Amino acid sequence: MHVSTRTVCLLLGLAVAFGVASRAANADTQVEPTIALKMLNAQQQQFGQQVVKVTDNVYTAVGFHGANTSMIVGTDGVIIIDTLKGPTSAAKAAEAFRKYSDKPVKAIIYTHSHGDHIGGASAFIGDERPDIYATESFGSAEGVNKAVAPVKAKRNVRQFGRKLSPSESTNRGVAPANTDDSDGGKGFLAPTVKVPDSGLKTTIAGVEIEFHIGPGETDDAMFIWLPQNQVLFAGDNFYSSFPNLYAIRGTAYRDVLSWSESVAKMAELKPHVLVPGHTMPIRGEQTATAVLNDYSEAIRSVYDQTVRGINEGKSPDQLAHEVELPKRLKDKPYLIEFYGSVPHAVRAIYAGLLGWFDGNPTTLSPLEPKLKAKHIAELAGGTQELTEQMEAALAKQDYKWALELSDYLKWLHDGDKKRARKVKIEALRGLAAREYNAPNRNYYLSYANELESGQLSELWF
Ligand SMILES: [Zn+2]
């Protein structure tokens with residue numbers, strides 16, 4: 001289906017107007033199902049497969065996998081920035097690039113160490129042995145203890161909707177669904193040149209190039225600047241969506257303030273073209289600079305509001321419902337919460353700065369879940385009444401309440417677990433249909449499928 005840019009803008013405008021109205025009451029990313037789907041379909045335009053001619057000597061391949069890869073053509077060779085996740089998709093991008101230049105690869109640059117940017121390097125080179133640039137701290141990106149790898153892997157599958165059926169799949173917010181990940185990491189080539197903390201200015205294949213250290217989505221991130229034609233490669237510190245300040249697959253604390261500062265530094269360069277790590281390049285000095293300033297301000301605002309709320313004694317639950325983007329920024333197409341989410345960011349900032357305790361002594365040593373469920377059932381008038389309340393909530397499309405009640409029922413020895421599970425599945429699908437935040441939507445749907453297939457243990461339900 002072809003949708004013109006004007007249609008997309010109109011659509012997003014409508015959807016945002018609706019989303020904002022909804023957010024005021026719910027602080028979430030829930031809208032009417034048809035609008036949620038239209039918004040996600042419109043966002044799809046950001047990663048349709050194509051090679052974008054950025055300038056006379058810069059090309060960016062969008063949509064060949066989840067992330068972007070770029071080629072800079074110099075006098076006697078080319079420079080590749082980021083290499084996709086595995087050699088198969090990288091080979092397709094490399095072939096598309098060869099239509100524009102068949103010069104040898106002189107250098108490969110990794111903007112950061114996330115797998116979707118580094119795993120396809122081998123596909124770009126023949127017999128050449130190019131220099132491979134990365135930061136000194138390259139590889140420190142994840143920071144999640146390997147001990148929890150098993151559960152992180154499951155949550156990753158849910159966040160990205162890796163096992164969803166074609167009819168359930170939309171996209172991943174800043175990347176298409178159903179990328180081929182079977183050879184992920186197989187083309188990785190280790191860095192040979194470490195960019196120091198002070199950055200680096202050099203000339204490669206006759207192209208002046210600057211490496212700026214810029215911690216953000218990862219601590220080992222840098223952004224790349226071409227002073228001659230004023231092109232900025234942002235890596236994953238910018239893409240068209242509210243940034244993923246926390247990933248629900250599970251991440252260590254992402255330094256939100258550094259991210260905001262790195263984006264502000266990028267804005268100071270006043271780029272003529274901004275090439276993101278995902279989604280389409282943005283053109284025009286005024287536009288690109290304004291976009292970066294807005295992005296930096298949005299992150300900073302969420303951080304500042306959260307810190308203010310923390311110092312007022314507010315809990316993460318309260319703050320997640322209160323903090324919102326300033327009015328001026330809410331309707332910007334590049335700040336819609338397709339990938340990152342403001343409430344998730346608020347909770348991450350709270351936990352990152354203070355840990356799990358919300359300061360309320362009630363939560364210091366709360367009731368054990370089974371005992372709490374028993375009391376809630378008593379309060380409802382018995383397990384049967386609790387079950388009826390749960391089903392009434394589902395019938396009223398009060399999905400979040402239905403989910404909470406189904407979770408209580410799972411702990412009750414006389415609870416009808418089968419019924420509760422069925423309600424949970426339906427409530428998750430109800431929430432998913434209204435959700436335009438892709439990770440939330442994918443997670444709800446994936447979890448519902450897992451529950452339905454019986455693969456989740458009693459512990460999970
Ligand atoms: Zn990425």
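Structure data summary
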read-out: The lone exception for residue 353 - which of (1) surrounded by fewer than 17 Cβ atoms within 10 Å (Cβ to Cβ); (2) in contact with a Ser or Thr (Cβ under 6 Å, 6 or more places away or on another chain) it fails; value: (2)
read-out: The stretch 309-325 residues that are open to solvent by 60 Å² or more (accessible area, probe 1.4 Å), paired with ones that are of a type in the set (Lys, Arg) (beta carbon under 7 Å, 6 or more apart); value: 324/23
read-out: Positions within the stretch 178-192 being surrounded by 15 or more Cβ atoms within 10 Å (Cβ to Cβ), of a type outside the set (Lys, Arg) and away from the ligand (no atom under 15 Å from the Cβ), in sequence order; value: 183, 187, 189, 191
read-out: Test: residue 418 is more than 16 Å from residue 164 (Cβ to Cβ), part of a helix (DSSP H, G or I) and open to solvent by 40 Å² or more (accessible area, probe 1.4 Å); value: yes
read-out: Qualifying positions in the stretch 356-373 - surrounded by 18 or more Cβ atoms within 10 Å (Cβ to Cβ) and out of contact with any helix residue (DSSP H, G or I) (no Cβ under 8 Å at 6 or more places or on another chain); value: none
read-out: Unique match (being within 20 Å of residue 326 (Cβ to Cβ) and away from the ligand (no atom under 16 Å from the Cβ)) among 229, 293; value: 293
read-out: Test result for residue 119, more than 26 Å from residue 335 (Cβ to Cβ) and either among the small types (Gly, Ala, Ser) or within 16 Å of the ligand (Cβ to nearest atom) (or both); value: yes
read-out: Close pairs from the stretch 262-290: first closer than 21 Å to residue 56 by Cβ and within 16 Å of the ligand (Cβ to nearest atom), partner open to solvent by 30 Å² or more (accessible area, probe 1.4 Å) and at pLDDT below 95, Cβ under 8 Å, at least 6 apart; value: none
read-out: Identity of the residue in the stretch 326-344, closer than 17 Å to residue 253 by Cα and either in contact with an Asp or Glu (Cβ under 9 Å, 6 or more places away or on another chain) or part of a helix (DSSP H, G or I) (or both), that ends up most open to solvent (accessible area, probe 1.4 Å); value: 344
read-out: Some residue of the stretch 195-216 being within 14 Å of the ligand (Cβ to nearest atom) and either part of a loop (DSSP other than H, G, I, E, B) or crowded, with 24+ Cβ neighbours inside 10 Å (or both); value: yes
read-out: All positions within the stretch 345-381 that are among the aromatic types (Phe, Trp, Tyr) and not in a helix (DSSP H, G or I); value: 356, 357
read-out: Residue count, the stretch 252-299 (criterion: within 18 Å of residue 212 (Cβ to Cβ), open to solvent by 20 Å² or more (accessible area, probe 1.4 Å) and in a loop (DSSP other than H, G, I, E, B)); value: 4
read-out: Unique residue being over 23 Å from residue 176 (Cα atoms) and modelled with pLDDT under 95 when the list is 22, 101; value: 22
read-out: The listed residue being touching a Ser or Thr at 6+ places or on another chain (Cβ under 6 Å), of a type in the set (Gly, Ala, Ser) and open to solvent by less than 50 Å² (accessible area, probe 1.4 Å), out of 120, 48; value: 120
read-out: Criterion violated by residue 38 - all others in (1) under 21 Å from the mean Cα position of the chain (by Cα); (2) of a type outside the set (Gly, Ala, Ser); (3) at pLDDT below 95 satisfied; value: (3)
read-out: Residue in the stretch 393-402 that is polar (S, T, N, Q), in contact (Cβ under 8 Å) with a residue 24 or more places away in the chain, over 25 Å from residue 247 (Cα atoms) and open to solvent by 20 Å² or more (accessible area, probe 1.4 Å) present; value: yes
read-out: The listed residue being of a type in the set (A, V, I, L, M) and within 16 Å of the ligand (Cβ to nearest atom), out of 93, 42, 36; value: 93
read-out: Restricting the stretch 155-177 to residues that are among the basic types (Lys, Arg) and open to solvent by less than 40 Å² (accessible area, probe 1.4 Å), the residue that is farthest from residue 112 (Cα to Cα); value: 158
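The values are calculated or read from the model by the stated rules, or taken from the named source; none is laboratory data. Since the structure is predicted, the reported quantities are computational estimates derived from the model, not experimental observations. When we count neighbours, we look across all protein chains shown, and the Cβ atoms used for this are built from the backbone with ideal geometry, even at glycine. For accessibility, only protein heavy atoms count, side chains too; no ligands or nucleic acids. Shrake-Rupley method; radii C 1.70, N 1.55, O 1.52, S 1.80 Å.
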